[in-house]
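The structure under discussion appears below in the form of structure tokens.
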Amino acid sequence: MAKITLDNLAHSYLPNPISEDDYALKELNHDWLDGEAYALLGSSGCGKSTLLNIISGLLHPSKGRILFNDRDVTMSPTAQRNIAQVFQFPVVYDTMTVHDNLAFPLRNRGADASYIRDRVQQIAHMIGMENMLDHKARGLTADVKQKISLGRGMVREDVNALLFDEPLTVIDPHMKWELRTQLKSLHHEFGHTMIYVTHDQTEALTFADKVVVMYDGRVVQMGTPQQLFETPEHTFVGYFIGSPGMNVLDAEVAGDTAVLAGNEVPLGKGFGSLSGKVELGVRPEFTSLASGDEGLPVTIKRVEDVGRHKIVRADFHGIEINVVAAEGENISPDMNRVVFDTAGINVYSDSWRVPPLVA
Ligand code: ADP
Ligand code: MG
């Protein structure tokens with residue numbers, strides 16, 4: 001197992017990159033701690049697979065270094081990195097049986113026969129394929145083949161890291177949950193360094209203790225689900241995570257007060273002078289409805305009952321503000337204001353969070 005360090009890493013698929021836009025991965029400095037399970041979360045095209053393939057050695061970065069336990073492996077081939085990687089789509093040997101597919105990485109490393117037999121049995125149990133070990137892989141459906149790929153990724157106990165690149169894409173929803181649980185327990189049992197790529201926030205938040213959020217070729221935040229919820233470091237994290245995402249509103253901020261389209265909003269904390277585009281970010285969970293003359297004037301557009309709570313869509317000068325209201329809360333037509341809980345207000349300058357001044 002290993003700590004993995006990305007040192008001034010950057011990657012462009014172009015032979016002669018010039019501007020930052022030419023880079024699929026912008027300059028990145030990041031440590032993946034030994035034995036931690038990470039989810040790498042971001043929308044399609046933000047550079048997740050590029051990063052994973054650089055870590056496993058399928059791709060060599062255009063700039064910077066990659067270290068395993070402080071040893072430079074930037075130029076080492078995949079085979080020397082001792083990494084297991086599972087891809088989005090199945091990679092299995094059609095002519096081999098399920099058993100031999102699972103045993104392959106162990107045989108390759110010269111493990112002894114009795115160990116292989118036991119370990120393959122254990123993994124087959126985890127992926128629910130004990131009764132299919134003698135089947136040839138040919139002819140099996142894509143989701144069954146993908147389970148074999150997952151099993152093969154998990155079969156070796158002595159790897160530096162396990163990398164999963166959206167591995168459950170072709171798996172049906174029920175089995176998804178089951179396999180994710182298996183991966184989690186595998187992590188508890190063996191303590192491998194794990195990186196699990198997904199574009200699905202629920203998957204990321206339930207799989208990992210730490211979530212790394214990527215946006216446009218950058219890591220914009222690494223944190224616990226709670227940190228991503230309470231203090232999104234970038235507005236992207238705010239609206240990508242959460243359902244609905246954070247409200248992001250243009251504002252002017254002076255000291256401990258914001259002004260939004262002429263309306264004053266107390267922030268509950270002070271801010272120094274801000275430059276660039278200034279915005280407030282407030283999650284719908286920290287936003288409530290009121291009537292009277294405090295808060296921002298709004299018109300309620302729609303109330304959606306989603307079971308555990310209600311989502312209210314309110315209009316503020318042509319901009320939608322989402323409010324989460326308790327299931328039992330009565331939304332009356334005279335509610336014409338939204339009020340922010342100051343504990344949930346974040347201030348952003350050019351999309352990056354500005355910490356409040358310490359009192
Ligand atoms: P993700 O896995 O987050 O969807 P990728 O790492 O696959 O993102 O892609 C990041 C960016 O690099 C995208 O703009 C994609 O079009 C580009 N890209 C990915 N692979 C290649 C490639 N082999 N050649 C050129 N561009 C690529
Ligand atoms: Mg990808």
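A single member of I116, I54 is among the β-branched types (V, I, T), open to solvent by less than 40 Å² (accessible area, probe 1.4 Å) and either closer than 20 Å to L14 by Cα or in contact (Cβ under 8 Å) with a residue 24 or more places away in the chain (or both), and it is I54.
Taken as a whole, the range 69-76 holds no residue that is among the hydroxyl-bearing types (S, T, Y) and within 16 Å of F164 (Cβ to Cβ). Taking the conditions (1) of a type outside the set (G, A, S); (2) surrounded by fewer than 20 Cβ atoms within 10 Å (Cβ to Cβ); (3) within 13 Å of ligand 1 (Cβ to nearest atom) in turn, P61 satisfies each one other than (2).
Among the residues of the range 113-128, is there at least one that is within 16 Å of ligand 2 (Cβ to nearest atom), on the phi < 0 side of the Ramachandran plot, of a type in the set (G, A, S) and outside any loop (DSSP other than H, G, I, E, B)? It would help to see each step written out before you state the result.
Of all residues in the range 113-128, those within 16 Å of ligand 2 (Cβ to nearest atom) come to none.
No, that holds for no residue.
Yes/no matrix, rows are residues, columns are (1) over 25 Å from H11 (Cβ atoms); (2) within 16 Å of ligand 2 (Cβ to nearest atom):
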site: I195; (1), (2): no, yes
site: A204; (1), (2): no, yes
site: A208; (1), (2): no, no
site: V211; (1), (2): no, no
site: G217; (1), (2): no, yes
site: Q221; (1), (2): no, no
site: Q226; (1), (2): yes, no
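Residue count for the range 2-52 satisfying the condition of being within 11 Å of ligand 1 (Cβ to nearest atom) and under 20 Å from F207 (Cβ atoms): 11.
When T74 is tested against (1) in contact with a Pro (Cβ under 9 Å, 6 or more places away or on another chain); (2) within 23 Å of I171 (Cα to Cα); (3) more than 16 Å from ligand 1 (Cβ to nearest atom), exactly one condition is not met: (2).
Go through the range 200-283 and tell me which strands (runs of 3 or more DSSP E), entirely inside it, have 1 or more residues that are closer than 30 Å to P167 by Cα and assigned by TED's automatic domain parsing to the domain that holds W32.
Details: elements: 210-215, 218-223, 247-250, 252-260, 263-271, 278-282.
The strands (runs of 3 or more DSSP E) meeting that bar are 210-215, 218-223.
The residues of the range 293-327 that are charged (D, E, K, R) and open to solvent by 70 Å² or more (accessible area, probe 1.4 Å), listed by number, are D293, E294, K301, R302, D305, R308, E320, E327.
The values are calculated or read from the model by the stated rules, or taken from the named source; none is laboratory data. Computed from a predicted structure; not experimentally measured. Using ideal geometry, Cβ is built from the backbone for each residue, glycine included, and neighbour counts are taken over all protein chains shown. The area values use the complete protein model at the heavy-atom level, side chains included, leaving out ligands, DNA and RNA. Shrake-Rupley method; radii C 1.70, N 1.55, O 1.52, S 1.80 Å.
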